[in-house]
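The values are calculated or read from the model by the stated rules, or taken from the named source; none is laboratory data. Just so we're clear, the structure is a prediction, and the values are computed from it rather than from any experiment. A quick note on method: Cβ atoms are made from the backbone with ideal geometry, for glycine too, and the neighbour counts reach across all protein chains shown.
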Amino acid sequence: MQIVLFHLMPYADLDLEAGRKNGTVWVKLPNKHFDPVKGHQLYNRYLDELEYGEALGFDAVSVNEHHQTAYGLMPSPVVTASALARRTKKVKIAILGSALPLRSHPLTIAEEHAMIDVISGGRLISGFVRGIGAEYHTFGVNPTFSHDRFHEAHDLIVRAWTEEGPFAFEGHHYNVQYVNLWPRPFQKPHPPIWIPSQGSRETIDWAADPKRRYTYLQTFSPAKVVERYLKMYRDTAKGFGYEPKDSQLGWAVPVYVGATDESARREAKEHFEVFRNVFVKMPLEMLLPPGYTSRESMKNVMKAKAQMFGDVTIDQAIDLGLFVCGSPETVRSSFTKYWNDMRFGNLLVLCQFATLPADLTRRNMELFAREVLPALKSLG
Amino acid sequence: MEFAESFVELNGCRTRVRRAGRGRALLFLHGANGMPAILPCLHKLAERFDVVVPEHPGYGQSGEPEWLENIHDLAYFYLDFLEKLVLQDVLLVGTSMGGWIALEIAVRSTERVKSMVVVSPAGVKAPGVFPADTFLMSPEEQARALVYDQKIAEARLAEPVTPEALDLALKNRHTTARLAWEPRFHDPHLPKWLHRIQVPVTIVWGEEDRILPVGIAPYLQKLLKNSKLEILPKCGHLPHAEMPDRFVEIVCR
């Protein structure tokens, strides 16, 4: 199993009252609530935490992309991944992911990811996403073209990485006369491509296709939902006539390890609940602009609205498997049980969430790396 | 007056058309929320006109053709539609999104159009005037912002939402986003060519419009050389629904 230390780099100094009053920390929370001096400290603290992940023995460290939100301060994961490329030596660096449809020109992503891959000597894992619904509001990109643009941008990027240039690319959304990438990526044929998703049949059909066999990552979902989608991926692959490797499956989940179950819950409670009930929260119209998902999926979300949009306590989250928290023994046995049910070959752990301070974050990372990680590595 | 329903097959799109009355042809182009039921004002107009009410491609019970990607596609579709139905000397009436479509049709050709009424039309961005962001509004906020008279909104909100109505609402919203998400509810190139519309245009606007503020109206009027402006006090974004008698009177004039 590959264990990845994942970071969102939230604005931990947020005035929570302002976030709650605004109803969401996405799109329209006034940026007067961002203090650049505090931001400076946070970025450097978070980059230190990811660098420490290498020393602690994680296989990869991971960053991601979100725009105009206190939820995560990485509008460009390329910037943070670049910083990590020079400060780390062995650990893989995962961008999970770059939001393809939000860029007006996908070749910029092909170029930037190739640069990081070359600088790091082939340590990049390249993730592709569509960006979340809210980002179609912030950027104004038309969500009804999101899938089309994603697929076409993907085709252009992979061809730019793998085919000898110059060649012409003729698309519906993108047209380029001379595709001729300098630099070409370090890894052959190209960096591994991972597809983070909140769960969708269309995404799974596309990622599991034998032409691609991309690693599918289910992010922040109840364990039962993760299990359902990972099984869907396996079944889909079998439907395509091949047996998928465990390395094609991944799960991203927040984790907190404390000395005992009781102290872990006590220490994590406030921070996890702020994460779930302030940082993640947004109205339905913001989460799902028209065309972002199929109309059927949108109706399913509307049906589950009360459950999805209501507050969740730490105890409920642990019961749902939305959060893995407890003593080293508890966290080990939880993951062992989940692994037996799902056989994910990649586990992404979010060891810092919302307002979790530096000292607790470090201890969480250390306990996880020392007491849990070796046992998970021995599973498979 | 009973409206007869038919489906017109055009450019690969099965298009629902409701039609009633006799006289000069009146083509009514509905707004972003579609036209599930024929409004009272259209029944009145059918006493004077041959009223033709299509559901736009992508809306209501009409098909969702793959070619529908922007507002210009609809403009060309309706030029074909006027030809196919052999409509002449048409009174072209459009509300909100439909008003935008009417303007896009008319800059291309007024060969079959004799005059126009546009009701709080989208399509033109007036400097310094900011429309509401309907895509971030909940259904309740939207229902309230659409009308001046909140009793109308409350009656509307009290109606149960059937699964069929929800399906239609999601379909209409999807097509509206496809056509109007970015640039938001306007075509930046449209003002350059509005001078091509030489047929008389009546612009109708509710003074209390909270979706497309009335500040757009004088700007649009300046761009349309042969136009006059009717601003209705105590009226929101849907004058044809909120003040049907006044609306019918303006159209018949």
Exercise for review: Could you list, in sequence order, all residues of region A:289-326 that are in contact with a helix residue (DSSP H, G or I) (Cβ under 6 Å, 6 or more places away or on another chain) and either more than 14 Å from every other protein chain (Cβ to nearest Cβ) or among the hydroxyl-bearing types (Ser, Thr, Tyr) (or both)?
Suggested key: A:Tyr292, A:Asp311, A:Val312, A:Ile314, A:Gly321, A:Phe323, A:Val324, A:Cys325, A:Gly326
Check your understanding: Of the numbered conditions (1) within 14 Å of chain A (Cβ to nearest Cβ); (2) buried (at least 16 other Cβ atoms within 10 Å of the Cβ); (3) polar (S, T, N, Q), B:Thr162 satisfies every one except a single condition; which is it?
Key -> (2)
Check your understanding: In region A:85-112, what count of residues is obtained for those that are more than 14 Å from chain B (Cβ to nearest Cβ) and closer than 30 Å to A:Ser294 by Cα?
Key -> 14
Point to revise | Test for B:Ala155: is it away from every other protein chain (no Cβ under 14 Å) and either hydrophobic (A, V, I, L, M, F, W, C) or in contact with a strand residue (DSSP E or B) (Cβ under 6 Å, 6 or more places away or on another chain) (or both) | key: yes
Review point. For region A:4-48, which residues satisfy the criterion of being over 22 Å from A:Pro283 (Cβ atoms) and buried (at least 21 other Cβ atoms within 10 Å of the Cβ)?
Key: A:Val4, A:Leu5, A:Phe6, A:His7, A:Met9, A:Ala12, A:Tyr46
**Study point:** Scan of region A:1-49 for residues that are farther than 15 Å from A:Phe353 by Cβ and β-branched (Val, Ile, Thr), ordered by number
**Key:** A:Ile3, A:Val4, A:Thr24, A:Val27, A:Val37
**Study point:** Some residue of region B:190-209 being away from chain A (no Cβ under 14 Å) and at positive phi
**Key:** no
Check your understanding: Within region B:165-196, how many residues are part of a loop (DSSP other than H, G, I, E, B) and surrounded by fewer than 22 Cβ atoms within 10 Å (Cβ to Cβ)?
Key -> 6
**Study point:** Unmet requirement for A:Leu322, which otherwise passes all of (1) outside any loop (DSSP other than H, G, I, E, B); (2) in contact (Cβ under 8 Å) with a residue 40 or more places away in the chain
**Key:** (1)
Review point. Of these, A:Gly122, A:Gly171, which one is over 23 Å from A:Arg213 (Cβ atoms) and modelled with pLDDT of 95 or more?
Key: A:Gly171
Review point. What about A:Tyr216, is it surrounded by 24 or more Cβ atoms within 10 Å (Cβ to Cβ), touching a helix residue (DSSP H, G or I) at 6+ places or on another chain (Cβ under 8 Å) and within 14 Å of another protein chain (Cβ to nearest Cβ)?
Key: no
Point to revise | In region B:123-141, residue farthest from A:Gly140 (Cα to Cα) [restricted to those that are surrounded by fewer than 19 Cβ atoms within 10 Å (Cβ to Cβ), within 11 Å of another protein chain (Cβ to nearest Cβ) and of a type outside the set (Asp, Glu)] | key: B:Pro139
Practice item. Would you mind telling me which numbered condition in (1) surrounded by fewer than 19 Cβ atoms within 10 Å (Cβ to Cβ); (2) modelled with pLDDT of 95 or more A:Ser378 fails? Key: (2)
**Study point:** Selection count where residues are over 18 Å from A:Asp117 (Cβ atoms) and either in contact (Cβ under 8 Å) with a residue 24 or more places away in the chain or within 11 Å of chain B (Cβ to nearest Cβ) (or both), scope region A:154-175
**Key:** 3
Review point. Would region B:108-118 turn up any residue that is surrounded by fewer than 18 Cβ atoms within 10 Å (Cβ to Cβ), under 23 Å from A:Pro289 (Cα atoms) and either more than 14 Å from chain A (Cβ to nearest Cβ) or over 17 Å from the mean Cα position of the chain (by Cα) (or both)?
Key: no
Check your understanding: Only one of B:Arg184, B:Arg156 is out of contact with any Phe, Trp or Tyr (no Cβ under 6 Å at 6 or more places or on another chain), at pLDDT below 95 and among the basic types (Lys, Arg); which?
Key -> B:Arg156
Review point. Got a number for residues in region B:1-34 being touching a strand residue (DSSP E or B) at 6+ places or on another chain (Cβ under 7 Å) and either modelled with pLDDT under 95 or surrounded by 13 or more Cβ atoms within 10 Å (Cβ to Cβ) (or both)?
Key: 22
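If the requirement is being assigned to a strand (DSSP E or B) and crowded, with 18+ Cβ neighbours inside 10 Å, which of these qualifies: A:Pro244, A:Pro254?
That would be A:Pro254, the only listed residue that is assigned to a strand (DSSP E or B) and crowded, with 18+ Cβ neighbours inside 10 Å.
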Review point. Out of all the residues in region B:58-90, which are within 13 Å of the chain's Cα centre (by Cα) and touching a residue at least 60 places away in the same chain (Cβ under 8 Å)?
Key: B:Tyr59, B:Ile71, B:Leu74
Review point. Which members of region A:331-347 meet the condition of being assigned to a helix (DSSP H, G or I) and of a type in the set (Phe, Trp, Tyr)?
Key: A:Phe335, A:Tyr338, A:Trp339
Point to revise | Scope region B:165-189; condition of a type in the set (Lys, Arg) and either away from chain A (no Cβ under 11 Å) or touching a helix residue (DSSP H, G or I) at 6+ places or on another chain (Cβ under 6 Å) (or both); matching residues | key: B:Arg178
Check your understanding: Going through region B:30-67 one residue at a time, which ones are among the β-branched types (Val, Ile, Thr) and part of a loop (DSSP other than H, G, I, E, B)?
Key -> B:Ile38
Point to revise | Condition broken by A:Val226, with the remaining ones in (1) surrounded by fewer than 21 Cβ atoms within 10 Å (Cβ to Cβ); (2) within 23 Å of the chain's Cα centre (by Cα) satisfied | key: (1)
